[in-house]
Each structure stands twice: as C-alpha cells, then as structure tokens.
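So the structure is just underneath, and the comments pick up after that.
The values are calculated or read from the model by the stated rules, or taken from the named source; none is laboratory data. Treat the numbers as computed from the prediction; the structure is a model and nothing was measured. FYI the Cβ positions are ideal-geometry reconstructions off the backbone, even for glycines, and counts take in every protein chain you see. In case anyone asks, the SASA skips ligands and DNA or RNA and just uses the protein heavy atoms, side chains included. Shrake-Rupley method; radii C 1.70, N 1.55, O 1.52, S 1.80 Å.
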2 protein chains.
Amino acid sequence: MTAAPLDPLSKRRLKAWIRLLSVTRQTESRLRERLRVEHGTTLPRFDVMAALWRFHDGLTMSELSRALLVSNGNATVIVDRLEREGLVRRTPMESDRRTVQVKLTAQGKQMFDSMAMDHESEVNRLLGNLDAQDLEQLRAILLKANAQET
Amino acid sequence: MTAAPLDPLSKRRLKAWIRLLSVTRQTESRLRERLRVEHGTTLPRFDVMAALWRFHDGLTMSELSRALLVSNGNATVIVDRLEREGLVRRTPMESDRRTVQVKLTAQGKQMFDSMAMDHESEVNRLLGNLDAQDLEQLRAILLKANAQET
DNA sequence: CACTAAAGTTTCAAGCTTGAAACTATTCCC
DNA sequence: GGGAATAGTTTCAAGCTTGAAACTTTAGTG
C-alpha cells in the first residue's frame, strides 16, 4: 500500500534496521548459549520466568504473551513445559473463569534468582562498551522509534 | 564466570537490552506480517533471498549462515524449500567439492524485486520517526556495541 | 431470558531454529 | 603416499513460533 520510497532517509533507515537486527541477534545468541551451558535452560523459558518474576502477583496468559511479544499459542507451550518442571503454576481465576493466573513457584523463584545475576552480568559485558551517554541516546532513540509503531 | 555486577551502569545496560529486544521484535513482527499478507512468504525466506541478492555472485551455505547469523542446519532447510520452489539454485563447486554455491534463479530475482521496495518502505515507515541525527547516533552506538562481542 | 459478540485459552499444522552427530572432501604433515 | 586434522554440508531430535481454528466463558443487547 505504501508508495515508492521518495524519502531520502529511506536507505539509511533500512541500513539501520539491518544493523539493529544484527546486533540483537548476536546478543541473543550469546545469552542463549550462556543460559544453555551454565543453567541448562533456554531463552524463552528465561523470558517467561523474568516476566513472572517482575510481576510477582502473577500474569494471565494473554498478559504474558503481550509482555513477551509472542503469540498466545507460543506462551501456552512454554508455560506447559515450565509447569511440568514445577517452576510455574497455573491457578484458575475465581472472578473470571476464562482466565488463569500464572505465577512462579518457590522453586521457580529460586531457579530464576540463580540465573538472573549471571544473565545481567553477561548483558553488562556484551554492552560494556556503551557509556552513560550512549545508553541515554539509545534509550531516547528507541522510545522515538517505538512511538511510530502503528 | 563473570563476577557480581559492581558496574553502576549494569542495570541501565540491562534495561537498554530489554528495550532493544522489544523494538526489534515489534519491528520484525510487522515486517513478517507484511511479507505474509502481501507476498505470501516468510521473513527467513526473505532474508536468505536478500543475502543472495546482495552477493549476486552467490554464497556457499556456510557464508550464508554466517551472514544471517543462523545455524548451518537452519540455512539448509530454508534453502531446501526455496530450491524446491525454484527461487534458488545450488551448484556444486568445481574447485572445492565440499562446497555448493547458492544463487538466486531468474525467477528468484524477479520475486525479490517485487518484494524489496515494499519491504524497504515498510521499514522506512516503522522507523519513520528517526531523523538523520538519530540514525547517525544509532549507527555509532550499534557499531560500538558490536565491537565488544567477543 | 435468548442471542450475539467478544475475550481468554488451548489445539493444531506448518514452518523455523538450534546444537550435535554423521558424512564427504580437502589440507597438512610426516 | 598415508594418516590425522580440518572444513563444508546435511541429517536429526528437540524445542520454539506463528496464525488460524475450536472451545469455554463472559458481557452486551434486545
């Protein structure tokens, strides 16, 4: 539907996107490897646990998939596996019987705690070249970019 | 192995990473949807074709997976499917019989051309809020971040 | 109250992705 | 030349991911 790219910045935006994707993929790949080698888990499982740790009153499945920007079906299978491993618990809601509340179990909290600091220091290492000014600029740019998402 | 995160910027780097991931996922999701709806294809297929278009003398499987930051096994199945659809061709190399050269077919080139401009204008729209200065800063920051990747 | 629309979740098929293992071809080194 | 190590590719099992369809429950409307 969009017309031909007369915008003179079009090519630069495309290059910026490619670079953004590349840095993100490389970083994700490092983090995935670390979780696998050091903690025997995967990035999606970690992401779910991190979200549940953050919202420690629990999240519904829909809130979870929205927070993680993944599909509902995807959230279901990851929570299924975490639940089978005893790291997470589904509780049917009284107020609205369509929904379930997902929470970390005590074991899940413990597991997450054992990973979180290591994960943070790996992120800190991977982005270690960025100083305070870089981080502030990046923050501003990403917020700006995000505002566009229709 | 890394020690506790005494770095005072550690938390900010973590937040920056989460934001980076979020923007990237949202953007990827938009682009994927557009390719699906408008062109009946997927992002990984598009990525492979874009790499082959860019290096129009062809790439080996290993070069391809390195360029796309995906595993060799992954590259194999995507190229398999593209080949089955006639968009791509594998040619055994004379010089080194371990390797194959992957190239776009004429049909593949045509298909890519029909998608590329649309894809670019979608990227341009999604990052439309970023002006020349933003793009330059982003470029510098991403290059800096990239330099760290051990 | 019935009907309809909407929201929340799961199921499903298809495709993507990884990392390890297997296989083939090449290069290196004695 | 004969191994041994290395490089390129594919195969494989397991898990991730999507989007659509089905199912259940709730809310809204007459």
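Listing for the model above:
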| quantity | calculated |
| --- | --- |
| Lone qualifier among A:L20, A:L68, A:L14, A:L59 - being under 22 Å from A:M117 (Cα atoms) and modelled with pLDDT of 95 or more | A:L68 |
| Residues being open to solvent by less than 30 Å² (accessible area, probe 1.4 Å) and farther than 19 Å from B:R19 by Cβ - total across the range A:36-48 | 1 |
| Failed criterion for B:I78 (all others in (1) near DNA strand C (Cβ under 10 Å from one of its atoms); (2) surrounded by fewer than 15 Cβ atoms within 10 Å (Cβ to Cβ); (3) more than 14 Å from every other protein chain (Cβ to nearest Cβ) hold) | (2) |
| Entirely in the range A:1-118, the helices (runs of 4 or more DSSP H) that have 3 or more residues that are more than 11 Å from DNA strand D (Cβ to nearest atom) | A:10-39, A:43-54, A:61-68 |
| Checking B:N72 against (1) open to solvent by 70 Å² or more (accessible area, probe 1.4 Å); (2) more than 8 Å from DNA strand C (Cβ to nearest atom), the condition it does not meet | (2) |
| Per-region count, the range B:132-142, residues out of contact with any Leu (no Cβ under 8 Å at 6 or more places or on another chain) and either loosely packed, with under 15 Cβ neighbours inside 10 Å or away from chain A (no Cβ under 14 Å) (or both) | 3 |
| Criterion violated by A:S65 - all others in (1) open to solvent by less than 50 Å² (accessible area, probe 1.4 Å); (2) away from DNA strand C (no atom under 16 Å from the Cβ); (3) free of Cβ contacts under 8 Å to residues at least 12 places away in the same chain satisfied | (2) |
| Candidate set from the range B:81-131 (those that are aliphatic (A, V, I, L, M), open to solvent by 20 Å² or more (accessible area, probe 1.4 Å) and free of Cβ contacts under 8 Å to residues at least 60 places away in the same chain); member that is farthest from the other protein chains (Cβ to nearest Cβ) | B:M93 |
| Lone unmet requirement of (1) touching a residue at least 40 places away in the same chain (Cβ under 8 Å); (2) open to solvent by 40 Å² or more (accessible area, probe 1.4 Å) for B:L52 | (2) |
